[in-house]
Amino acid sequence: MITKLMNRKGLSLVEIILGIAIFGIISISLIPIFTFSFTQIFTSGHKTEALYTSQELIEKEMDGSVVDEISTMEKTISIKFGTTEIEIDGQLIQVELEYDSSGNKILMNSFKPD
């Protein structure tokens, strides 16, 4: 029986069709994984660009430039070290940017002490 299989030269049409069918079933099950991965990669890229832009806007605001996309307000923060509490006056700087067409936004906060 084994010698019969070893003496054959090539594959039959049925074997080729079965191989293609198995390959197709496996491929179809993997396609959603790849499309989801690519979607997430592009979304992450847009979010990263928005984060870099917001960081740049905050740095411009801290240098003294007036930036329209930024909101600032006076704020006092408290830091506790055991029983000691330190209060620091300053400005809370906020930037909110939209990073995709479906309306998702990032919000970045920074504190600038006086």
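Quick note: the coordinates plus some simple rules give every number you see, no bench work behind them. No experiment lies behind these values; they were computed from the predicted model shown. Note that each Cβ is placed from the backbone with ideal geometry, even for glycine, and that neighbours are counted across all protein chains shown.
Any idea what the dipole of the chain comes to, in debye rounded to 20, about its Cα centre with Lys/Arg Cβ at +1 and Asp/Glu Cβ at -1?
Values: 9 positive and 16 negative charges, 325 e Å.
Computed about the Cα centre, the dipole is about 1560 debye.
Can you order the peptides 46-52, 15-21, 28-34, 81-87 by their average number of other Cβ atoms within 10 Å per residue, highest first? Kindly include the intermediate steps, with their values, before the conclusion.
Numbers: 46-52: 14.3, 15-21: 10.7, 28-34: 9.1, 81-87: 7.1.
Packing proxy ranking, top to bottom: 46-52, 15-21, 28-34, 81-87.
Where the convex hull is taken over the Cα atoms of segment 73-114, what is its projected area averaged over directions, in nm²? Write down the numbers at each step before the final one.
Values: hull surface 15.6 nm².
Mean orientational projected area (segment 73-114, Cα hull): 3.9 nm².
Taking only the alpha carbons of the chain, what extent do you get along each of the three principal axes, in Å, biggest first?
Dimensions of the chain along the principal axes of its Cα atoms: 89, 40, 21 Å.
Against the 2.2 N^0.38 Å scaling, with N counting residues, where does segment 4-54 land? I'd like the Cα-based Rg ratio to two decimal places. List each step's numbers first, then the result.
Values: Rg = 21.9 Å, N = 51, 2.2 N^0.38 = 9.8 Å.
This ratio for segment 4-54 stands at 2.24.
In degrees from 0 to 90, rounded to the nearest 10, what is the angle of the helix 13-63 Cα long axis to the longest principal axis of the chain?
10
Below 15 angstrom from the Cβ of ASN104, what's the summed charge of the other residues (Lys, Arg +1; Asp, Glu -1)?
Values: positive: LYS47, LYS105; negative: GLU49, GLU96, GLU98, ASP100.
The answer is -2.
How do 72-79, 107-114 rank on mean C-beta neighbours within 10 Å, highest first? Write down the numbers at each step before the final one.
Working: 72-79: 10.6, 107-114: 12.1.
Averaged packing, sorted descending, gives the order 107-114, 72-79.
Would you count, across segment 11-113, every pair of lysines whose alpha carbons are under 22 angstrom apart, provided the pair is eight or more residues apart or spans two chains? The partial results should precede the final answer.
Values: LYS47/LYS60; LYS47/LYS105; LYS60/LYS75; LYS60/LYS105; LYS60/LYS112; LYS75/LYS112; LYS80/LYS112.
Taking segment 11-113 as the scope, the lysine pair count is 7.
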